[in-house]
Amino acid sequence: MLFRKKTSKNKSELRYSTELFAVSANDTTQTALEVIRNSKLSGNIFYCYITDNEGKLIGIVPLRKLITSPGETKIAEIMVRNPIRLTTQCSINMALEYFILYKFMAFPVVDSREKLVGIARANDFIEETVAIEEDAEHARDDLLKIIGIQLEEFRKPTVFKSTFLRFPYLFFNIFSGLTCAFITKLFGRTINEFIFMAFFITIILGLAESIGTQAVAVTLSCLEKTTKLRRLVLYEVLVGTKIGLLCGGLLYTVSLFWLGNKYFSLTLFLTILLTIMNASFLGCSLPILFKKIGANPAHASCPLVLAIADIISLTSYFSLGTYFLTD
C-alpha cells in the first residue's frame, strides 16, 4: 500500500508527509522489498510500516533489518509491535520533543482512529529547530542586555572584553547617581527640616527600577508579536497606574500610622503613583522609540530607562515634599 506526498498547509499544525509505504503483517520481507523497488517515492525511506486490514498501524520494521532478513521471513516475525507514534493533533513543539528524546529519523502519524496517515521526518523539522534556537538566542540576548550584559561576552570571553562591554551600561548608573546626588543637594534644606523624607528614598527608587525593568521585559517580548504599539503603551500605563495606587495606598497607610503626618503621607502616595506610572511609560515607550529609529530596542532597556526614572522620581518626591510640607 503506497501513500503519496501531501503536507499540512497550516504552519501551526504538525507537518507530515503521506509519501510512505506500508505492508501487511502476513507479507514476507521479499514482498516488502519488491514494493520499495517498484515504488517511485522521492523521500528517504527509513522504516517499513505494517498495518492491519483496516489500515491501523500495528508495527514497524527498520529498513536495515528488513534488508538483512531472509526473503521468506514473515514481517510479523521481525516487526516492532505498538511503535511510538505521533497523532495528527500533535503540535510542532511536541513533535520536536519526540525527535530530541528518541533520536529517531521519522515517526509514523496516525489519526484519531489509529489509522496510518503519514510520516513525520526529522529533516522536515530542521528549519523549525533552527528557528526556535535563533529565537531562544535572541530572547537570551535581550534578557542579558536588560541587566547590562551582551551575548558577545560569552564568545571567547576575556577580562578586557567583559570590562569593555559592561562599562557603557554602568556609565548610565554613574550618571544617574551623580544627578540624583545633585538633586538631593538642591533640596538639602527640605531634607534637613524633614529628615524622615530620607527614610523612603530607597523604596521609591526601588519601585521605579523594578517597574521599569518589568515594563521593558514585557515590551521586548511583544515588539515582534504586535503592531498595535499604542495599545501596548496604554496597557502598560494602566497596569502601572493600578500598581501605583496599590503601592501608594499601602505606604500612605504605613507612613501615616508611623509618622502621623498626613501631608507627608499624601506626598509619598502621589510620588509613588507618579513614579510607577512614569517608569511603566518609559519602560514601554523607549524600546518602541529605539525600534522606530532603527536601533536595537534592547539597548533602550535598563539602564537608560532606570536612569531617567530615578531622576524624575527623586525630583518629584522632593518637589512635592517641599510644596506640601513647607506651606
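The values are calculated or read from the model by the stated rules, or taken from the named source; none is laboratory data. The structure displayed is predicted, hence computed values, not measured ones. Don't worry about glycine lacking a Cβ; one is built from the backbone with ideal geometry, like all the others, and counts go over all protein chains shown.
Restricting 44, 53, 38 to those that are at pLDDT below 85 and either touching a Cys at 6+ places or on another chain (Cβ under 6 Å) or over 21 Å from residue 105 (Cα atoms) (or both) reduces the list to 38. Would you confirm whether any residue within segment 32-46 is exposed (fewer than 15 other Cβ atoms within 10 Å of the Cβ), closer than 24 Å to residue 123 by Cα and touching a Ser or Thr at 6+ places or on another chain (Cβ under 7 Å)? Among the residues of segment 32-46, at least one is exposed (fewer than 15 other Cβ atoms within 10 Å of the Cβ), closer than 24 Å to residue 123 by Cα and touching a Ser or Thr at 6+ places or on another chain (Cβ under 7 Å), which makes the answer yes. Within segment 261-273, the only residue that satisfies the criterion of being touching a Ser or Thr at 6+ places or on another chain (Cβ under 7 Å) and either surrounded by fewer than 21 Cβ atoms within 10 Å (Cβ to Cβ) or aromatic (Phe, Trp, Tyr) (or both) is 264.
Taking each residue of segment 107-124 that is touching a residue at least 40 places away in the same chain (Cβ under 8 Å) and farther than 11 Å from residue 85 by Cβ and looking for partners that are surrounded by fewer than 21 Cβ atoms within 10 Å (Cβ to Cβ) and of a type in the set (Phe, Trp, Tyr) with beta-carbon atoms closer than 9 Å, six or more apart or interchain, yields 121/46. Here residue 216 meets each of (1) surrounded by 22 or more Cβ atoms within 10 Å (Cβ to Cβ); (2) more than 22 Å from the chain's Cα centre (by Cα); (3) among the β-branched types (Val, Ile, Thr); (4) at pLDDT below 90 with one exception, condition (2).
For segment 93-107: of the residues being in a helix (DSSP H, G or I) and not aromatic (Phe, Trp, Tyr), which is farthest from residue 63 (Cα to Cα)?
Just the residues of segment 93-107 that are in a helix (DSSP H, G or I), to begin with: 93-102.
Filter once more, keeping what is not aromatic (Phe, Trp, Tyr): 93-97, 100-101.
Details: 93: 27, 94: 25, 95: 22, 96: 23, 97: 24, 100: 21, 101: 21 Å.
The extreme case among them is 93.
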